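Below is one structure; the comments refer to it alone.
The values are calculated or read from the model by the stated rules, or taken from the named source; none is laboratory data. Everything numeric in this text was worked out from a predicted model, so none of it was measured. Positions of Cβ are generated from backbone atoms using ideal geometry, with glycine treated the same way; all protein chains shown enter the neighbour counts.
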Amino acid sequence: MPVKAAPVEVNIGPQHPSTHGVFRMVAKIDGERIVDVNMIVGYLHRSMEKLAEERTFTQNIPFTDRMDYLAAMSGNLGYCLSVEKLAGVEVPERAMYLRVIFAELQRVASHCMATGAFINDCGAWQTPVMWCFRDRERVLDLFEMTCGARLTTNYMRIGGVAFDIPDEFLPALDKLINDELPKAFEEYEELIVGNEIIMMRARDVGVVTPEVAINASLSGPLLRSAGIAWDLRKADPYCGYDRFKFDIPVGYNGDAYDRMVIRIEEMKQSLRIIRQAVADLPDGAHKTDIPLALRPPAGEAYSRVESPKGELGFYVVSDGGPAPYRWHVRAPSLINLSVLREMTIGQTISDAIVTLGSIDINVGELDR
Amino acid sequence: MPHPKTVTLSGEAVAARLRASQPEAVRSATEQYVVLEPAGMYEAMLFLRDDAELDGKFLIQLCSVDLHTRMDMVYHFASLAQNHMFQVKVPCDHEKPVVQSIAPLWAGAWLQEREVYDLMGVMFEGHPSLTRLFLWDSFPGHPLRKDFMSLPGGLKPGLSQFPKQKEGQTGQEFRPQRPGTGL
C-alpha cells in the first residue's frame, strides 16, 4: 500500500561547519529529495551601510576588511577605487603594482580556503583542508610582514597603499611564488583534481546553465563554470591589469567539480600575474597625499573589482561632505545565492551541501 | 569582445533608444543615467533587457537612495556580449515608496529587492515573496532610511534597550525564526 508521507523540515545551520559561517537553510525533504529550500540570512548583519554614513571616507576602509574577511585586500581595493573614481584621485604607479600583487595573493589565499572547505564538504574530513590552510598561512605571513595584520589587513588607502613593502618581502615572495606554491599546486592536482572519488562526488552536482547564470547575475567562478569567459580583470581592467598576460579558466559543465578546478587554475594564473608585477615593479611613492577629511564633489560613482567570490561593486553617493551620503555594496556572496533554491531542489541533502560549498559564500559579506 | 574596456553608455543614448519604442517611458536623462516613469517601468525594463542594441541581460546590482523628499531606485545593467553598462533610476514616493518588481525579469533581483525592502522600506509590486531579508519580522522601521532615528517610538543612537523590548522580555522573542516552530 503506498504511503503518502508529509515533507519533513530539516534545519541546516546556522552553526554548522558546512554552512561556512552563520548561514541557515531550511530544507523540506520528501523521502531523500529536497522539495523546497528556504534561505535565512542576517545572523551576521552589522548594518555597515548605515554605519558608513556617519564616518569619513577613510574611516570606512576597515569595514571593507570585515565584510569578506577571507579576501580583505580585495574589499579594500574595491572601496578605494570607488572613492578615487568619485574624487578624481590619481594613484602612483608603484601603488598600482603593489595593489595588484596583494590582490592576487589574496585571491590565492581565498581560493585555498574555498578549495579546502569544499573538499571538506565533499566528505574528505580535515586532511585536505589542512593542506590548503598550510598554503594560505604562507600568504598571510607575507601580509603580516607588510601591514602587521593577517586577516583584517586595512592595507589599501585612498590614493595608494598604507605602507611600502619591507626589504625582506621580495625574497620571501620569490620563494613563495616560485617554489612553495607551485609545489603545493602540484599536490592539489594529484590529491584533488585527478581524484576519482572527488570526480564521482562533484560531477553533475549543482549544475548551472549559461542562460540562468546571466539572468541571475552570477559572477566569479560560478559564472565562469557555466562556460562564460567573463572576468572583470580582462573585461573592465582596473589597476593596470591590462598590462599583464593571464588566461581566464572556463568550465563547460557548470557543475561543482568545474568550479573547484577553475579555482585551482585561477591560483596558478594569479602567480603568473604576480611574477610579471614583481618583475616590472617601479620605484617611487606608494601613496598620494590626500586630505584627512576627504570631501569628494557631490555625485555618485560605481566601481567594481573581480574579488575571489565574484564581482564586488561599490556604489558611493556623495553630497560634498566628509562622509558618504549613501554607500551600497554589491556583494557577490549574496547575489550568487539567487540560484541556490533552483539548484538544490531535487537533490539529496548531501549534494546540497556540496552545491553550497562550491558557490563559496562568505557570510560576513553576505550579511554586511 | 567588442571593447577592451567596459563602455558606459550615456543616459541620453539609452533614453533615445527607449523613446523610439516607448515614448512615454522616459522622464529625463543625464550623462550618467536615465530616469524612468514609475508607472511604465516594467515594460521599459523588459525593453532594456530584450533590445538587441541595449542588451541589458545582466543586472549588475540594484539599490535605493533616500533623498529626504523622494526615494530613488538605482539599477545598473550590463551586456556581457557587447561589454557595456548603463545606469537607470526610478523615483518613488518618500512616505509610501512603491515600485514595480523586476524579479520576474531577472532572477538576480529576487534577493536584492528583499534587501531593499528590508532596509529601505520600498515595496515591490509583483515580487514573489517580499519578506525581510536580514532583520527579524517585528523590527521597527527600515534602518537605512534617513529618518529612521526620528521615527515614532523614539529610537536613540546606541539603542539603550532592545527595540520593542518590554519588561519581562529577554530579547529571545526577537530572534530570527527558530527551528521546530515552523517558518
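Side notes on the structure shown:
- Any chance A:ALA229 is free of Cβ contacts under 8 Å to residues at least 40 places away in the same chain, closer than 26 Å to A:GLU144 by Cβ and either hydroxyl-bearing (Ser, Thr, Tyr) or surrounded by fewer than 18 Cβ atoms within 10 Å (Cβ to Cβ) (or both): no
- Restricting segment A:41-63 to residues that are more than 21 Å from the chain's Cα centre (by Cα) and β-branched (Val, Ile, Thr), the residue that is nearest to the other protein chains (Cβ to nearest Cβ) is A:THR56.
- Search result, residues across segment A:355-366 that are surrounded by fewer than 24 Cβ atoms within 10 Å (Cβ to Cβ) and either assigned to a strand (DSSP E or B) or more than 13 Å from the chain's Cα centre (by Cα) (or both): A:THR355
- Residues in segment A:9-38 that are assigned to a strand (DSSP E or B), within 11 Å of chain B (Cβ to nearest Cβ) and buried (at least 19 other Cβ atoms within 10 Å of the Cβ): A:ARG24 only.
- Taken as a whole, segment A:69-81 holds at least one residue that is within 22 Å of A:LEU232 (Cβ to Cβ), in a helix (DSSP H, G or I) and among the aromatic types (Phe, Trp, Tyr).
- Pair list, Cβ < 6 Å and 6+ apart or interchain, from segment B:114-140 residues that are within 11 Å of chain A (Cβ to nearest Cβ) and over 17 Å from B:ASP66 (Cβ atoms) to residues that are in a loop (DSSP other than H, G, I, E, B) and aliphatic (A, V, I, L, M): B:ARG114/B:LEU133
- Some residue of segment A:73-92 being surrounded by fewer than 23 Cβ atoms within 10 Å (Cβ to Cβ), within 14 Å of another protein chain (Cβ to nearest Cβ) and of a type in the set (Val, Ile, Thr): no
- The selection criterion, being under 26 Å from A:THR115 (Cβ atoms) and of a type in the set (D, E, K, R), holds for A:ARG341.
Yes or no, residue by residue, for (1) modelled with pLDDT under 90; (2) more than 11 Å from every other protein chain (Cβ to nearest Cβ); (3) within 25 Å of B:HIS84 (Cα to Cα); (4) within 26 Å of the chain's Cα centre (by Cα):
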| residue | (1), (2), (3), (4) |
| --- | --- |
| A:GLU265 | no, yes, no, yes |
| A:LYS268 | no, yes, no, yes |
| A:ILE274 | no, yes, no, yes |
| A:LYS287 | yes, yes, no, yes |
| A:GLY321 | yes, yes, no, no |
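Residues checked against (1) among the polar types (S, T, N, Q); (2) closer than 21 Å to A:ALA103 by Cβ; (3) free of Cβ contacts under 8 Å to residues at least 24 places away in the same chain; (4) outside any strand (DSSP E or B):
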residue	(1), (2), (3), (4)
A:GLN269	yes, yes, yes, yes
A:ILE273	no, yes, no, yes
A:GLY284	no, yes, no, yes
A:LEU294	no, no, no, yes
A:PRO297	no, no, no, yes
A:GLU300	no, no, no, no
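This table checks each residue for (1) touching a Ser or Thr at 6+ places or on another chain (Cβ under 7 Å); (2) surrounded by fewer than 21 Cβ atoms within 10 Å (Cβ to Cβ); (3) modelled with pLDDT under 90; (4) within 20 Å of A:LEU70 (Cα to Cα).
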site: A:ARG138; (1), (2), (3), (4): no, yes, no, yes
site: A:ARG150; (1), (2), (3), (4): no, yes, yes, yes
site: A:GLY160; (1), (2), (3), (4): yes, no, yes, no
site: A:LEU170; (1), (2), (3), (4): no, yes, no, no
site: A:LYS175; (1), (2), (3), (4): no, yes, no, no
site: A:LEU191; (1), (2), (3), (4): no, yes, yes, no
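- Residue, farthest from the other protein chains (Cβ to nearest Cβ), within segment A:202-226, restricted to residues that are without any contact (Cβ under 8 Å) to a residue 40 or more places away in the chain and not small (Gly, Ala, Ser): A:ARG224
- Which listed residue is more than 16 Å from the chain's Cα centre (by Cα), within 25 Å of A:GLN269 (Cβ to Cβ) and of a type in the set (Phe, Trp, Tyr), from A:TYR79, A:TYR69, A:TYR97: A:TYR97
- Beta carbons closer than 6 Å, at least 6 apart along the sequence or on distinct chains, pair a first residue in segment A:1-28 that is within 13 Å of A:GLY42 (Cα to Cα) with a second that is surrounded by 15 or more Cβ atoms within 10 Å (Cβ to Cβ) and at pLDDT below 80 for A:GLY13/A:THR19; A:PHE23/A:GLY13; A:ARG24/A:GLY13.
- Considering B:GLY141, B:GLY154, the condition of being in contact with a helix residue (DSSP H, G or I) (Cβ under 8 Å, 6 or more places away or on another chain), farther than 23 Å from B:TYR42 by Cα, at pLDDT below 85 and surrounded by fewer than 20 Cβ atoms within 10 Å (Cβ to Cβ) is satisfied by B:GLY141 alone.
- Within segment B:49-74, the only residue that satisfies the criterion of being within 30 Å of B:ARG145 (Cα to Cα), more than 9 Å from chain A (Cβ to nearest Cβ) and of a type in the set (Gly, Ala, Ser) is B:GLY56.
- Any hit, segment B:24-31, residues being surrounded by fewer than 19 Cβ atoms within 10 Å (Cβ to Cβ), under 24 Å from A:VAL339 (Cα atoms) and touching a Leu at 6+ places or on another chain (Cβ under 7 Å): no
- Checked against the criterion of being surrounded by 15 or more Cβ atoms within 10 Å (Cβ to Cβ), of a type in the set (A, V, I, L, M, F, W, C) and at negative phi, the candidates A:ALA285, A:ALA277 yield just one match: A:ALA277.
- Within segment B:2-23, residues that are more than 14 Å from every other protein chain (Cβ to nearest Cβ) and farther than 22 Å from A:GLY240 by Cα reach partners that are outside any loop (DSSP other than H, G, I, E, B) and among the charged types (D, E, K, R) with beta carbons closer than 8 Å, at six or more positions or on different chains, in the pairs B:GLN22/B:GLU43.
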